[in-house]
Structures are given as structure tokens and as C-alpha cells.
Amino acid sequence: MLQDMYFQYRGACMMLFQQEGEEFSFRGTAFLVHPDGYFLTAGHLITDNHDLMVVPADETEGFTPIRTETVAPIPVEVRQLDRERDLALLRFKEEIDISMPDHVIGASENVPVGNSVACLGFPFGYYQIYNQLIKKAVICSKISSGNETRIFLFDSLVHDGNRGGPLINMHDGRIIGVVGGRFELQEILSRQLGKTSDLPIKTDVSYAVSIEHAMELMKKEGLNVI
Amino acid sequence: MEEKNSTQQIDPETQADEGWFHLDVHPQVFFISAGLILFFVVVTLVFNEHMEGIFQQTQSAISDYAGWFFIWTVNIVLVFILTLLAGRFGNIRLGGPDARPEFSTLGWFAMLFSAGMGIGLLFYGVAEPMFHYVANPHVEAGTTESARMAMDITFLHWGLHPWAVYSLVGLSLAFFSFNKGLPLSIRTAFYPLFGERIYGWTGHIIDILATVATLFGVATSLGLGVQQVNAGLDHLLGIGQSAQIQVVLIGGITLIATWSVVKGLDKGIRRLSEINITIAGLLALFVLLVGPTLFIMNALLENIGYYFQYLPKLSTWNETYERTEWQHGWTIFYWSWWIAWSPFVGMFIARVSHGRTIRQFVLGVLLVPTFITFLWITIFGNTALFIEMFGGGGISRVVQENIPVSLFVLLENFPLRTITSTLGIVVIITFFVTSSDSGSMVIDIITSGGNPNPPVLSRLFWALMEGLVAGVLLIGGGLVALQTATITTGLPFAVIILGMCVALYRGLSEYASPQEFTIGERPAAEFKIRTKPVLNKTFGRRRLW
């Protein structure tokens, strides 16, 4: 099951880089969702007006080297950005032929708590380790955040580089959310606690924004999703 | 699992939202089709006799030289559809895994049946077994064996093969349009053949031809059909047969059909189809009860058994050694007729089958309608045979002279003939309405560029156009010529249907196998990465919380 899922999505899930002058710095994960070259990622990964690009995972089978010196990035542009819900829709700047599976977008209302999920990403990109990782977890809870964003909590500690990756329903192999990060209490309670607070409350839970909010962005862009 | 939450759902609400003055049509297909239809009507009115000759010669040449090809085609399609029923694609859902059926199962059957062949059955359910009983190429006429053979031949012509052809076209259109995101239009079936070119003029031409053929097909059967209704009414009420009465009938049928099309699929066409099937069911039940009930019940089992025992033999029989021409007027005619109608019926079936799995689809479009057809033919055909063989007789003579009257002559043998004959007329008229409104719906969908809920103004236009063409051809002549012309399209479409089997199989295999994301050629400039570990939390704070 997990193998099929990895096989299906490994090509979709890419590293997101931004260009700052001569520097190419890693930002997180983005994934393909539409054959016209559209990607989804987390909104907070996009800051300022840097040129963005994606880099596919190493396509060699078997064991891939742990470090890479150079990359062949593909430029992308931001098409839709939803800061409230922490989502961004990107697109290839050039036209590139894409073939992809049908019906990759899942229906999040059908996912019960306790459902097995998997997430893909490049967790250690910030530490110059550009290997793709798949992790599995279960949905711990379905919550609605302060601004009524539907959010899945899942019991896996994602690393910074995982952000923007897909959360995949293991039951039907379809994407149900965009990984946002760890479920950190400091962040959630920061308004009450003030900025100085650095509470040592550790969790091993992460969250993902439900895919239907991303569908709204795709609709705005006039995309027909099958 | 609410329907509205699914993105792949055809939203029934949009039917109402579109408004009257919203005319979202595919300009090339819409206007060229309308122009061509006008052109053909004028040409037919001017050169009617000439055209009729040409098309009849064409049709008879097709029967002569391509009869074997039709027989091959329908058998291949039947085997193909049966493998889909049993095979590994059965669980694929039309419209994606989240799709749910838009119509109740009963409403779905009612629509399939009303669009598919309802009207023909009313006339031929009584008439065809009589024809074969009196003369058939297999056994001596007028014997017990010929009665059995008569039912079997009728079953062959109305049974699994036509519904398999409809299933194939419906399934191809539904799969490529609902699951692969292509427009719901005839051109979609050609995608595996022509690729992206279906969006250009190649596709436009295919859609234009389909539109013109469907409109003439529906309009000419309406025109010829009202002549039969008129004959029936005359027999019943003695009102005479005249063009005026027939034009009034066309007007009435067109108005109801227009109302039904404008109301939309769910509120108009589905409801009308259900009413229609209910009345037809009542009529059949009446004949079953007051007719030779035991004989019919016995016959149903024996007919079906006989059909399946002799299916391979009869469906591949080709008159090779007899060297007769009986088949041209019957089997080959039926095969080319069903195939010529399959774009229209297939498209309608595709539209109403969103959300069914392939297994449900094949069960619902192949087996259930076939069984209902067998039931109907047995009730009416065997009753007629009973009267002919053991009763007063006389039906076969009527059938030879005047097919449309045969149903009413049959009903005269039973009590309450006024009520049943009225029911009969109502059923005939509602069947015309349901095939007319589904025809307009199909044309609307094609000419609006594959929109499953086409704009109201265009529905109004095509529904009225259909009645107008039927009326004009009825008065000016040319119904037979254009209908023959429509049937000749069966030959090219038979070739296409075989291609569809291959294309659909390929599409389904690809769809069912694990797929990967791959991206094509891209600029391959290499850059050095200079990422520095970012250990401090510099991300913008999320506004989620």
C-alpha cells in the first residue's frame, strides 16, 4: 500500500527553492496537482518577491546520494496565494509536458479520525540533505482553526522541510491536505502568551490544511479538476 | 457523502441557475449545423424523388456488400461488453471514485428505455413476430416451430446486440468525458484516434455531422411516427388520415417535448419517462392478465431459453448457403439502424449514467433493458401468436397491411378496448415525446461544446427545430429519403465502433494500472546550491490560529 503510494507520488513531490541573488536556498516541499503544471504548497513558505523554482527528486532507483552539490531547477511563479489559510498555488513558467494519475485530489470529508495517512517531502532540506522521505501516520483529530480553516492533525513529527508536502489518504491513495508544520502550542497560543514566551511544550503532532481550501484556489484559477 | 461536496459531481442546481438568456454555445458547431440542416431540408424539398432513389440504392448496396461486416461488428461489441461486465474494470466508477448517481435507479432505467427503443417496440412488439411466423427463412411457415423461431428472431433483433452497441458508445463517451475530463461530445470518442486534433476542425466536423444526423434521425422518425399514430387514431375513431391532423400531432408532441427539455433532465425528461414507463407497464400488465396469461408465462421462459440456446447460431447466420436476401430487410437493416442511432442514444445514456460503476452500467444498460424488452415482446407478440394460432386469427393479415394498427387490432380481442386503446395511444405519444426530448437534449449538449447542462435558449431552439423539420418534411415530402440517409451513416459508424472497443480497452487499462507523475523535457541548466542551514525561525507566522 505504502509502496504503491510512494511509486505514485514520488514524481509529484518536489523541492521548493528560492533565488536570493546568487544563492539558491531551500524553502520546503511543493507537489504537482494539475497536468497544466500547477503545484500546491504552504503559503508561509513564500516570502517577499524572490524567484521561485522547483527541483524534482533524484530519479535514480535504489540508494540515492545523501548530498547534492548542484540542481537543475525549473522556474515557477505564484498564481494564487491564500495567507489566511496558508496555501499557495504555483505554476511552471514554461510549458512542460506532464502526465499524471487521474483523481489525485481526495475528498477530505470522507476521511475518518484514525485513518492512516502518509506524507511525502524533503524534511532535511534546510540541512542540505535533499532526499525524499515518506512517513506514515494516523489522523489524530480533525479540527477547525481560529479562522475556520479545516485542519487534520496527524501523529508524526514533521521537520521544517516537510512543509508544503502532500498528506495522502492511505485508504484510496489520494491527497487530502497540504502539510503545514508541527502543531506547536507556542505558535497557537502566541497571542495570549506574547512574543517573549518560549514554553517548553513539545508535541509530536503535526497538521495539514484540508485540501478543499486548496480546491478553492484552483477554482479561482479556473482549473477543472477531475 | 453529500453530493454537493464532491467536485466531480454534475451539479443539478446549475440547470436552474443558467437563466434564459444565457446562450453559451459552441459557435462553429451550433451555427454550421443549423445552416446545414436548413440546407438539407431545402434540397430535399426540391429534389425529393431523386434523393429517395439515391439513398435507397446506397442503403441496399450497403446491405449487399457490408452485411457480413455489420454482423461481425455487433457480435464483437457484444462479447466486448460482456467481458467488461465480468472483467477487472467492473469497479471503475464513471465520474471518479467520489461520484454518486444523479438519478434514482428506477428513473435511470426509465430514461434509458424511453430514449433507447421504446417507440419501436410498441409497433413491432406485435407486428414482428407475426411477420416471421408467416414467413421466415429457417423453418416452414405457420408451424409450431415457426412460432418459436418467430419469437427468437424478434428477440435477436431487439435483444442483447442493440443494447451492447448502445452500451459501448455510452460507456466510451462517459468514461472519456467524466473520468478523463474531455468534453461530453461525440468528438470525445475519437480522442484516442485523433488526439488533440479533436479540439480543432476535425472535432467540429464530427460534432456537426453527429448533430445533423441526430436531428434528422429524430425528426424523420417523428414525422413517420405521427403518420402511424394517425393511422391508429383513424382505425379507432375514424377521423381520417390527413397532413393537417399529423401536423397538429407533431405540434403537440413538440410542445410537450420542448417543455420537458426546458425543464431539464431531472424535472422534465426523467419525470416524463417515468410516467411513460408506468403507463406502458399498466398496458402490458392488462394484456398479460386478460390475455392468455398461462401461455405468456410459459412462453417467456421458453423464449428466453431458446434465445440463449440459439444465440451463437442465429447471431452469426449470414445467409451464406441459402443465397437469399431475407436478411437485408431484417437483420442487416436492424443492425445498421441501431448503429446509426447509437451516437444519439449512447450520448444520452452517458449523460444520465454519471456516478455508476462500469459493472452497474453494463447490468443496467445491457441486461435490464434486454429483459424488459423480452418481457414486452413476449406479452404482446405471444398474445398475437396465441390469437393467430389458437384463437380467431386475422392479426397476421392486418400486420401485413398496416403495421401501426396491429396493436389496436390486438387490443380489440380483449374487454375494455376503449380504455386500453386510449392507453395505447397515450403511450405511443409519450414515447415520441421522450425520444424527441432526449434527442434535443443530446443535440443541445453537443452544440454547447459538451456542457452537460446546456443553456435553456439552445434547448428551446433545438426542440422546436426538430418539430419544425418534421412538419416541413411531412408536408413537402422527403421523410423517407432523409431517414434512409440517416441509416446509411450506420456503415461508417460501424467502423468507428470497432475502433471504440480498442480505444476504450486501452483507456481503461491505463486508468486501472498504477500511474506515476512524470514531467517531460525541461531546460537542464545546473546550478550550484548554496543553501545555508536556516536554524532560526524566520517563517512568517501563520494566520490560521
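All of the numbers you see were taken from the coordinates with simple rules; none came from a lab. Keep in mind it's a predicted model, so treat the numbers as computed, not measured. Cβ placement follows ideal geometry from the backbone for every residue including glycine, while neighbour counts extend to all protein chains displayed.
Scattering from the C-alpha atoms of the protein assembly as shown alone, worked out with Debye: what is log10 I(q)/I(0) at q = 0.07, 0.10 1/Å?
Per q value, in the given order, log10 I(q)/I(0) is -0.60, -0.98.
I'd like to know which of B:F123, B:P97, B:G478 lies farthest towards the positive end of the charge dipole of chain B, counting +1 on Cβ of Lys and Arg and -1 on Cβ of Asp and Glu.
Looking along the dipole axis, the top candidate is B:P97.
Which of the listed residues, A:L45, B:A61, B:Y191, is farthest toward the dipole's positive end in the protein assembly as shown, when Lys, Arg count +1 and Asp, Glu count -1 at the beta-carbon?
The listed residue farthest towards the positive side: A:L45.
In debye, nearest 20, what is the charge dipole magnitude of region A:86-226 about its Cα centre with +1 on Lys and Arg Cβ and -1 on Asp and Glu Cβ, if you could check?
Details: 14 positive and 17 negative charges, 59 e Å.
So the magnitude is around 280 debye.
So which trypsin sites (Lys or Arg not before Pro) in region B:260-346 are both in a DSSP loop and have at most 14 other Cβ atoms within 10 Å of their Cβ?
On the way: sites: B:K263, B:K267, B:R270, B:R271, B:K313, B:R323; in loops: B:R323.
Counting only loop positions with at most 14 other Cβ atoms within 10 Å, the trypsin sites (Lys or Arg not before Pro) in region B:260-346 are B:R323.
What does the structure give for A:103-115 when I average, per residue, the other chain Cβ atoms found within 10 Å of the residue Cβ?
On the way: counts 10, 2, 4, 2, 9, 1, 5, 5, 0, 0, 0, 0, 0.
Mean shielding by partner chains, rounded to a whole number: 3.
Inside 10 Å of the C-beta atoms of B:509-520, what's the mean count of C-beta atoms belonging to other chains? Before the final figure, lay out the partial values.
Details: counts 0, 2, 3, 0, 1, 7, 8, 9, 17, 9, 15, 5.
Mean shielding by partner chains, rounded to a whole number: 6.
Tell me, in nm to one decimal, what length is gained between B:L237 and B:L416 on full extension, where the rule is 0.36 nm per residue of separation less the Cα-Cα distance? Walk me through the numbers on the way to the answer.
Details: separation 179, 0.36 × 179 = 64.44 nm, distance 1.54 nm.
Length difference between fully extended and current span is 62.9 nm.
Whole-Hz Karplus ³J(HN,Hα) for region A:150-163, in order, using 6.51 cos²θ - 1.76 cosθ + 1.60 and θ = phi - 60°, x for Gly and Pro?
7, 9, 9, 9, 9, 8, 9, 8, 8, 9, 4, x, 6, 4
Taking each residue of B:96-103 in turn, how many C-beta atoms of other protein chains fall within 10 Å of its C-beta, and what is the average?
Details: counts 7, 8, 8, 1, 0, 0, 0, 0.
Average per residue, whole number: 3.
Return the loop-located trypsin sites (Lys or Arg not before Pro) in region B:170-249 (DSSP other than H, G, I, E, B) with at most 16 other Cβ atoms within 10 Å of their own Cβ; answer none if there are none. Please list the in-between numbers first.
Working: sites: B:K180, B:R187, B:R197; in loops: B:K180.
The qualifying sites are B:K180.
So what does log10 I(q)/I(0) come out to for region A:108-216 at q = 0.15, 0.17, 0.22 Å⁻¹, using the Debye formula with one equal point on every Cα and no solvent?
Here the Debye-derived log intensity ratios amount to -0.64, -0.80, -1.19.
Mind pulling the angle between the C-alpha long axis of helix B:243-263 and the longest principal axis of chain B? Nearest 10 degrees, somewhere in 0 to 90.
30 degrees
Is region B:43-512 rounded, prolate or oblate when judged by the Cα gyration tensor, a ≥ b ≥ c being the square roots of its eigenvalues, rounded requiring a/c under 1.5 and prolate requiring a/b larger than b/c? Write out the running numbers ahead of the final one.
Values: a/c = 1.43, a/b = 1.25, b/c = 1.14.
Cα axes put region B:43-512 in the rounded bin.
Go through B:I71, B:N136, B:Y505 and say which Cα lies farthest out towards the positive end of the charge dipole of chain B; charges sit on Cβ, +1 for Lys and Arg, -1 for Asp and Glu.
Result: B:Y505.
Binning every alpha carbon pair distance of region A:2-100 at 10 Å from zero, what are the percents per bin?
15, 47, 32, 6, 0
Relative to the longest principal Cα axis of chain B, at what angle does helix B:417-447 sit, 0 to 90 degrees, rounded to 10?
Its long axis makes an angle of about 30 degrees.
Let me know the charge dipole size of region A:2-100 about its Cα centre in debye, to the nearest 20, where only the beta-carbon of Lys, Arg (+1) and Asp, Glu (-1) is charged.
Working: 8 positive and 18 negative charges, 59 e Å.
Dipole magnitude for region A:2-100 comes out near 280 debye.
Going by the alpha-carbon gyration tensor, a ≥ b ≥ c the square roots of its eigenvalues, is chain A rounded (a/c under 1.5) or, if a/c is not under 1.5, prolate (a/b greater than b/c) versus oblate?
rounded
Magnitude of the Cβ-charge dipole of chain B, K/R +1 and D/E -1, about the Cα centre, nearest 20 debye?
Working: 29 positive and 35 negative charges, 513 e Å.
Using Cβ point charges on Lys, Arg, Asp and Glu, chain B gives about 2460 debye.
For chain A, what does the helix formula give at 222 nm: sum of -39500 (n - 2.57) over DSSP H segments with n ≥ 4, over the residue count, nearest 500 deg cm²/dmol? Don't skip to the end; give the middle numbers.
Numbers: 3 runs with 27 residues, N = 226.
After summing the helix terms and dividing by residue count, I get -3500 deg cm²/dmol.
Tell me the mean residue ellipticity at 222 nm calculated for chain B from its helices only (DSSP H runs of n ≥ 4, each -39500 (n - 2.57), averaged over every residue, nearest 500). Before the final figure, lay out the partial values.
Details: 22 runs with 381 residues, N = 545.
So the calculated ellipticity at 222 nm is -23500 deg cm²/dmol.
Rounded if a/c is under 1.5, else prolate if a/b is larger than b/c, else oblate: which is region A:67-106, with a ≥ b ≥ c the root eigenvalues of its Cα gyration tensor? Working shown, then result.
Working: a/c = 1.71, a/b = 1.23, b/c = 1.39.
It comes out oblate by the Cα gyration axes.
So, by mean Cβ neighbours within 10 angstrom, what's the order for B:418-428, B:377-387, B:233-243 with the highest one leading? Provide the component values of the computation, followed by the final result.
Values: B:418-428: 17.6, B:377-387: 25.8, B:233-243: 13.7.
Most protected by this proxy first, the peptides run B:377-387, B:418-428, B:233-243.
Applying 1/(1 + (r/R0)^6) with R0 = 56 Å to the Cβ-Cβ distance of A:S25 and B:K180, what FRET efficiency is obtained, to the nearest 0.05?
On the way: r = 39 Å, r/R0 = 0.70.
E between A:S25 and B:K180, to the nearest 0.05, is 0.90.
Could you please state, rounded to a whole Å, how far the C-alpha centre of region B:55-119 is from the C-alpha centre of region A:43-113?
Region B:55-119 and region A:43-113 have Cα centres spaced 42 Å from each other.
Expressed in nm², what is the orientationally averaged projection area of the convex hull enclosing the Cα positions of region B:94-181?
Numbers: hull surface 29.4 nm².
Result: 7.4 nm².
Relative to the compact globular guide of 2.2 N^0.38 Å, what is the alpha carbon radius of gyration of region B:402-446, as a ratio?
Working: Rg = 14.7 Å, N = 45, 2.2 N^0.38 = 9.3 Å.
The reported ratio for this selection is 1.58.
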